[in-house]
Amino acid sequence: MDRKRMVKVTEPVIRLAGMNTMGVIGDPGCEGLGTYNMKVYAGALEESSRDDITLIVGDLVPAGTNHYYQVFQEMTEALAGNDVYSLRGNHDTGAYTDHFGLKNYALLLDSFAVVVLDNAVRAFEEEGLLLLSRVLAMDEVQQVIIAFHIPVPNHFIQNSVSGEEFVRLRETYRPWREKVKYLLCGHVHSRFVDQVDGIELICTGGGGAMIEDVSQDIRAWDVEHHMVHFYQENGELRYRITDLSEDCYGRERDNEVLKQKLQETVQAELMAHFKYLMFADRARRRGLEHIANLFEALAASEYYHARNFYSVLERPAAFAESIGDYVPGEEFEYEHLYKMLASYARDHESPLAEQAYMGAAAAEKEHTQLLKQASDVETFAQGEIYVCPICGYVMTGETFPDRCPVCGGPSRQYEVFEA
């Protein structure tokens, strides 16, 4: 039987002979375990496989049910290249100990120690603090990382344990303070590094959850999904933060049969999405609001299916570079392809197809201009965008024509997109 990679901790102190490096992943599953979200976690596991072990600093799952834990464990077992340890986050309720064992424990690697403390309910457990004292008192232990989920008070966020709880932690490690090299946490879906009691605090929550704004100084735009590597260098415990690209995982793309089937599935799901939207529109025009609502919901479901399948195949560039990648396709469509197809339709007496291509070409030209503006994501400030639902033409600005300049559709029907 193959060895399990997801470790269930049964002893409070675990000695890991021959181990000298550790990868750390934060908050992979608290926003759900769907394919689209888990792609980042899959990439983080592959990156962390470079290290001797991996530690996940909490929020493995959205809620602590057996089902979610089983899904998470199966995904981890399929992808991990080293032993994976975890600590409990505030989302990891219920059956956590049944699946992952002790909530407070210590890992003694050859060159440093990691003491895992449970503070998922914003308080450190007494047994964890006693264990921390025990490990720090060991002569063989000289460099220690204290790991927990919710940050201690810091200069960046107020979403932390109380000052009183930090005092309990600080009083525990104070006799051996020189041994404590790092405080390590997750919980915040971003990253920052701070100094707390003269010790470096590393907060990492970029292993799967959507990156969020921390403050005006640390915005979601500034932070990529990421993980942390700890390693020994010249006798000192060091770390580096590694960004995870949006193309961080691609195992399925290497299987040509599966790749083709995934592509076909994306096309089928998108066609179902489109068909349901079309039927919803027909129902709404007949006053059948409940039927329209049903088919719009089904269309949304099919879109999310397509997104999940496509995310397995997608190879996007870094976000800041991605918008410009869409411009050449839009330019080709309105400058060449749609004109050519409209001409073909006209020559073959197919006026509806000709009209559709010419209308789309006009819209694609506007798409191109907007995408070029949006390539500078930080300065793009187009607040209101109007789309004609009759032909798809796009208009911007504070004022807009009473009728669509392409098809004549009335402005009262425009779809408005506001930021």
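Express the carbon and sulfur contribution to the solvent-accessible surface of segment 28-130 as a percent, rounded to the nearest whole number, probe 1.4 angstrom. Roughly 47 percent of what the probe reaches on segment 28-130 is carbon or sulfur. The order of the peptides 32-39, 51-58, 267-274 by mean Cβ neighbours within 10 Å, most packed first, is 51-58, 32-39, 267-274. When you work out D = kT/(6 pi eta Rh) for segment 301-351 at 4 °C and 1.567 mPa s, using the Kirkwood radius from C-alpha pairs as Rh and the Stokes-Einstein form, the result is 93 µm²/s.
Computing FRET efficiency as 1/(1 + (r/R0)^6) for Leu313 and Ala78, where r is the C-beta to C-beta distance and R0 is 22 Å, gives about 0.75.
Our note on the geometry: Cα centres of segment 223-258 and segment 17-64, 10 Å apart. Rolling a 1.4 Å probe over the heavy atoms of the protein chains gives the chain an accessible area of 52 Å² per residue.
In plain terms, the C-alpha convex hull of segment 78-180 casts an average shadow of 7.9 nm² when viewed from every direction. Can you tell me the FRET efficiency between Gln216 and Gln142 if r is taken as the Cβ-Cβ distance and R0 is 45 Å, rounded to the nearest 0.05? Once rounded, the FRET efficiency stands at 0.70.
Accessible surface of Glu46, taken over heavy atoms with a 1.4 Å probe and every protein chain present, rounds to 70 Å².
Hey, what does the equivalent ellipsoid look like for the chain, semi-axes from the Cα gyration tensor as sqrt of 5 times each eigenvalue, largest first, whole Å?
Its equivalent ellipsoid spans semi-axes of 51, 23, 20 Å.
Protection proxy ranking for 125-131, 59-65, using the average of other Cβ atoms within 10 Å per residue and placing the highest first: 59-65, 125-131. Using a probe radius of 1.4 angstrom, the carbon and sulfur fraction of the accessible surface of segment 142-283 is 48%. Of all aspartates and glutamates in the structure, those lying under 12 Å Cα to Cα from Lys39, and not within fewer than 8 positions of it along the same chain, are Glu246, Asp247, Glu252, Glu314. Straight-line cross-link partners of Lys339 among the lysines, defined as a Cα under 21 Å from its Cα and at least 8 positions apart when in the same chain: Lys365. Solvent-accessible area of segment 301-387 (1.4 angstrom probe, protein heavy atoms only): carbon and sulfur portion equals 55 percent.
Rank by packing, highest mean first: peptides 367-378, 252-263, with packing defined as the count of other Cβ atoms within 10 Å averaged across residues.
Taking the mean over residues of other Cβ atoms within 10 Å, the ranking is 367-378, 252-263.
Using the Cα centre of the chain as the reference point, and only Cβ charges (+1 on K/R, -1 on D/E), how large is the resulting charge dipole? Debye, rounded to the nearest 20. Walk me through the numbers before you get to the answer.
Values: 38 positive and 66 negative charges, 161 e Å.
For this selection, approximately 780 debye.
Within the chain, DSSP assigns beta bridges of which about 55% are antiparallel (rounded to the nearest 5). Rounded to the nearest 20 debye, the dipole magnitude of segment 250-304 is 220 debye, with +1 charges on Lys and Arg beta carbons, -1 on Asp and Glu beta carbons, and the Cα centre as origin.
The values are calculated or read from the model by the stated rules, or taken from the named source; none is laboratory data. This one's a predicted model, so the numbers in the text were calculated from it and none came from an experiment. Because the Cβ atoms are built from the backbone with ideal geometry, glycine has one as well, and the counts that use them run over all protein chains shown. These accessible areas exclude ligands, DNA and RNA; they are computed on the full protein's heavy atoms, side chains included. Shrake-Rupley method; radii C 1.70, N 1.55, O 1.52, S 1.80 Å.
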